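K.L.:
Here you go, one structure.
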Amino acid sequence: MTGFGKSAVSFDNKKINVEIKSLNSKALDISTRIAPLYREKELEIRQLIAEYLIRGKVDFYIWIDKGDATNATPVNADLVEYYYHQINEIAYHKDISLPLDWSTLLRMPEVMTRTEVEELTDEEWAVVRNAITEALSQLVEYRRQEGSALERKFREKIDNIALLQKELEQHEPSRVEKIRQRITDQLTLIPDVEYDQNRLEQELIYYIEKLDISEEKQRLTQHLQYFRDTMALDEPVGKKLGFIAQEMGREINTTGSKSNNAEMQNIVVKMKDELEQIKEQVLNAL
């Protein structure tokens, strides 16, 4: 969901800048900082953002840069002339000297105050809206590129888990025999104990069946394939991938608890590491 886009357009001696960035979020959370001239269009701006973006914490900025001449506060010439005649009249009637410079006139009330009210025209808004659309398009393209890189990373991690699962299978035959031998050896250490060999075999079978991981392997294989199939869908799948990753974690954890074998548990740790990297990155998926 991470992305960034910006654009700038010129209109009527001013430069209009648009920037938009997005981070991970469970829903669409829009925060705006809009120049006063365009605040009346905030609702339309939010609707436009929602058309392009489904999820993410979005920060939207739009501001205006004006040239020095445009930014300069105009002098109210009529008011200056009015104050000048009044000062002259007072000086004449009171027989006092006139001020020696213009600073007195320029400090008089309202002489240097900006009073014009700027209105947003349809023509200007059309230009600004195009700039917003351009910034949004850049953000979406940025997200698409990030998504492609993320998909490659996911496929690599899924393939790694599948390979590690095959490594587990290599240790299963020896694991069963080791468990059987360990139990038998322990019985021989107890002196003067007679036991029913058939009953021992039944208990061993029951015990080994409890440690069987066939179902966990089958479900994990299905989850891995479901993860791949879900990535191929042409729709937002971030939440679904997160759920699948959780199910994969359950099967891997159960496999680890049932392994009862050092080599297999080491492999399970590697599988957990690969899955943890998927869980961290799936938060970036839309």
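K.L.:
Could you list, ordered by first residue, the pairs with Cβ atoms under 9 Å in which the first is in segment 66-89 and under 25 Å from residue 13 (Cβ atoms) and at pLDDT below 70 and the second is among the small types (Gly, Ala, Ser) and surrounded by 11 or more Cβ atoms within 10 Å (Cβ to Cβ), at least 6 apart or interchain?
P.N.:
As it stands, the answer is none, since no pair meets every condition given.
K.L.:
A further question on this structure: For segment 227-276, which residues satisfy the criterion of being under 14 Å from residue 160 (Cβ atoms) and open to solvent by 60 Å² or more (accessible area, probe 1.4 Å)?
P.N.:
269, 270, 272, 273, 276
K.L.:
Something else: Within segment 1-34, can you find the residues that are of a type in the set (A, V, I, L, M, F, W, C) and either free of Cβ contacts under 8 Å to residues at least 12 places away in the same chain or surrounded by 13 or more Cβ atoms within 10 Å (Cβ to Cβ) (or both)? Break it down stepwise before answering.
P.N.:
Residues of segment 1-34 that are of a type in the set (A, V, I, L, M, F, W, C), as a first pass: 1, 4, 8-9, 11, 16, 18, 20, 23, 27-28, 30, 34.
Once the filter is applied, which keeps residues that are of a type in the set (A, V, I, L, M, F, W, C) and either free of Cβ contacts under 8 Å to residues at least 12 places away in the same chain or surrounded by 13 or more Cβ atoms within 10 Å (Cβ to Cβ) (or both), segment 1-34 yields 1, 4, 8, 9, 11, 16, 18, 20, 23, 28, 30, 34.
K.L.:
Please specify each residue of segment 122-142 satisfying the condition of being closer than 17 Å to residue 13 by Cα and among the aliphatic types (A, V, I, L, M).
P.N.:
Scanning segment 122-142 gives 126, 127, 128, 131.
K.L.:
Considering segment 90-108 alone, what residues qualify as being open to solvent by less than 80 Å² (accessible area, probe 1.4 Å) and at pLDDT below 75? If you could, list the steps in order and put the result at the bottom.
P.N.:
In the first step, residues of segment 90-108 are kept if they are open to solvent by less than 80 Å² (accessible area, probe 1.4 Å); the result is 91, 98-99, 103-106, 108.
Listed by number, the residues that qualify are 98, 99, 103, 104, 105, 106, 108.
K.L.:
Let me ask something additional. Return a yes/no flag: does segment 193-203 have any residue that is surrounded by 12 or more Cβ atoms within 10 Å (Cβ to Cβ) and modelled with pLDDT of 70 or more. Steps first, answer last, please.
P.N.:
Looking only at segment 193-203, we keep the residues that are surrounded by 12 or more Cβ atoms within 10 Å (Cβ to Cβ), and these are 200, 203.
From what is left, the residues that are modelled with pLDDT of 70 or more are none.
No: zero hits.
K.L.:
Specify which of the listed residues (258, 270, 240) is under 18 Å from residue 169 (Cα atoms) and either outside any helix (DSSP H, G or I) or modelled with pLDDT of 90 or more (or both).
P.N.:
Details: 258 fails: either outside any helix (DSSP H, G or I) or modelled with pLDDT of 90 or more (or both); 240 fails: under 18 Å from residue 169 (Cα atoms).
So the residue among 258, 270, 240 that is under 18 Å from residue 169 (Cα atoms) and either outside any helix (DSSP H, G or I) or modelled with pLDDT of 90 or more (or both) is 270.
The values are calculated or read from the model by the stated rules, or taken from the named source; none is laboratory data. Only a predicted model underlies this, so the values are computations on that prediction, with no experimental measurement involved. Positions of Cβ are generated from backbone atoms using ideal geometry, with glycine treated the same way; all protein chains shown enter the neighbour counts. Just the protein is used for accessible areas: all its heavy atoms, side chains included, with ligands, DNA and RNA removed. Shrake-Rupley method; radii C 1.70, N 1.55, O 1.52, S 1.80 Å.
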